[in-house]
Every structure is written in structure tokens, then in C-alpha cells.
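Data first, discussion second: the structure below is written as C-alpha cells.
Only the coordinates and a few stated rules stand behind these numbers; no lab work does. Note that this is a predicted model, so its numbers are computed, not measured. Heads up, the Cβs are rebuilt from the backbone with ideal geometry, glycines too, and the neighbour counts pull from every protein chain shown.
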Amino acid sequence: MKKLTIIYWSNNGNVEVLASHIAKGAKDAGAEVLVKLVSEASVEDVTGADAVAFGSPSMDNNRIEQKEMQPFIDKFKLIPLNNKVTALFGSYGWDDGAFMNKWEIQMKDYEFNVIQKLTVNEAPTNEQLAQAEQMGKNLVK
Ligand SMILES: Cc1cc2nc3c(=O)[nH]c(=O)nc-3n(C[C@H](O)[C@H](O)[C@H](O)COP(=O)(O)O)c2cc1C
């Protein structure tokens, strides 16, 4: 059974609802799924999983959340990840997804193998929630 870990930060629930739909898709595909707020996540939650998904809103001048998510991601700068299968998801207010493009570049630099991204404006539409479920399935194929 494949193990997927989903780690996210959310203030108002838009990123959280994406996380729960990714989890549903992966569980429906038969995977073991761990969902954690980044404040509760450990390095082992990432290194011990077959695949990971990270979620953040655009915050603090069109960047991922800077107080918890960015420091967590930075822990992996020097940890070998061997191209861990990874998806990124998030929500923005006005940056048109620019934060996600910057995030993807950094994650690839840290050896996360980003296979898919999902970026939504504020609350996800039903179609985007279906895309989140599909993302969960893709991650545990
Ligand atoms: C304090 C704060 C800062 C924000 N900064 C940005 C920003 O720099 N760029 C942007 O596009 N959206 C920004 N937003 C909008 C959020 O990214 C957007 O509302 C997102 O859906 C929030 O996700 P959440 O509901 O999971 O917390 C900001 C929102 C808040 C509350």
C-alpha cells in the first residue's frame, strides 16, 4: 500500500478543503494517507512517505506562508530526497498564481519531483475540487 503525506497551512479554509479532497482521492485509490498541519508535521512524515503534497496560500507579498511553511520546507535543503514524488497546491487572492511558480522552482531545487500543481483563486470551484481528488489518485499510482 502506498503512503501519501499531505502537509498544509491554511488560515481561512481554502487550502484546507483542497487538502481534504486530495486525501479523499488517494484513500479511494487504496493508499494510506496522513494529513497534517505544517505546525504538526515532522521531517520523517516526508522522508517516510512514497509521495507528498504540500499546500499553502499566497501570503506575505506573493510567497508561500513564511512563518511556518517556508521554514519547514527549508529543512529539506540538505536532506537527500531522491526525487520524492510531490504535488503542490494552493490558493491566492490577486497574484494570479505567481507564488506557485516561485515555489515550484524552489522545490525542484531541493530535489522534490513536482509532478503536478493545483492553484485556485480564493475558494476552489467544484471542478477544482474534482481536480484535487484526481491529484490524490495520481500521487499514489
Ligand atoms: C494576511 C493575508 C495576506 C495575503 N497575502 C496575499 C498575497 O501576498 N498575494 C495574494 O495573491 N493573496 C494574498 N492573500 C489572499 C490569500 O492567499 C487567499 O485568501 C487564500 O485563499 C487564503 O487561503 P486559506 O483560506 O487557506 O487561508 C492574503 C490573505 C491574507 C489573509
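Hey, can you list the DSSP H helices of the chain whose Cα span along the axis is 18 Å or longer and whose average Kyte-Doolittle score is at least -1.0?
Going by DSSP H runs, the hits are 14-28.
Which entries of Lys27/Lys77; Lys2/Lys117; Lys27/Lys102 have Cα-Cα distances beyond 28 Å here?
Lys27/Lys77; Lys27/Lys102
Which trypsin sites (Lys or Arg not before Pro) in region 1-44 sit in a loop by DSSP (not H, G, I, E or B) and have at most 16 other Cβ atoms within 10 Å of their own Cβ?
The qualifying sites are Lys2.
For region 63-82 and region 19-53, write down the distance between their C-alpha centroids in whole Å.
Cα centres, region 63-82 to region 19-53: 16 Å.
Would you kindly calculate the mean projected area, averaged across all directions, of the convex hull enclosing the Cα atoms of the chain, in square nanometres?
Projected over every direction and averaged, the Cα hull of the chain covers 7.3 nm².
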